[in-house]
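Working notes, beginning with the structure itself.
The values are calculated or read from the model by the stated rules, or taken from the named source; none is laboratory data. Only a predicted model underlies this, so the values are computations on that prediction, with no experimental measurement involved. Backbone-built Cβ (ideal geometry, glycine too); neighbour counts: all protein chains shown.
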């Protein structure tokens with residue numbers, strides 16, 4: 001352990017010196033924080049975080065669409081498992097559980113979509 005610490009200490013000291021040297025060389029007075037944020041934003045990117053065209057709404061809607069698609073796929077898989085079960089009680093139960101959980105997932109997805117869109121429409125836009 002002592003050998004490890006003896007090797008680690010010089011590396012840490014050199015790392016701190018390098019970071020301090022780089023940070024000290026940056027001229028922060030040339031660009032304000034707002035100008036830096038504007039420079040980092042792409043041309044077609046939305047300016048607002050909230051609102052109808054906000055980033056938050058687009059990201060949450062995309063995630064909810066993906067979850068909805070997965071739930072529908074699982075519903076189809078559960079139906080196929082139910083048809084192919086051949087009367088085996090365990091397979092029928094597994095298929096019914098898959099269908100049940102897929103329907104519960106769809107209901108949760110629709111409710112989450114409605115809640116997120118309601119909350120986002122209630123928040124003021126910054127534009």
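What to note about this one:
Results for (1) surrounded by 15 or more Cβ atoms within 10 Å (Cβ to Cβ); (2) within 30 Å of residue 58 (Cα to Cα), shown as yes or no for each residue.
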| site | (1), (2) |
| --- | --- |
| 87 | no, no |
| 103 | no, yes |
| 106 | yes, yes |
| 118 | no, yes |
| 121 | no, yes |
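- Close pairs from the range 62-83: first touching a residue at least 24 places away in the same chain (Cβ under 8 Å), partner part of a helix (DSSP H, G or I) and surrounded by fewer than 16 Cβ atoms within 10 Å (Cβ to Cβ), Cβ under 7 Å, at least 6 apart: 64/112; 75/103
- Only one of 108, 104 that is touching a helix residue (DSSP H, G or I) at 6+ places or on another chain (Cβ under 9 Å), under 20 Å from residue 68 (Cα atoms), in a helix (DSSP H, G or I) and modelled with pLDDT of 90 or more: 104
- Meets criteria (loosely packed, with under 12 Cβ neighbours inside 10 Å, over 30 Å from residue 120 (Cα atoms), over 20 Å from the mean Cα position of the chain (by Cα) and at pLDDT below 70) for residue 24: yes
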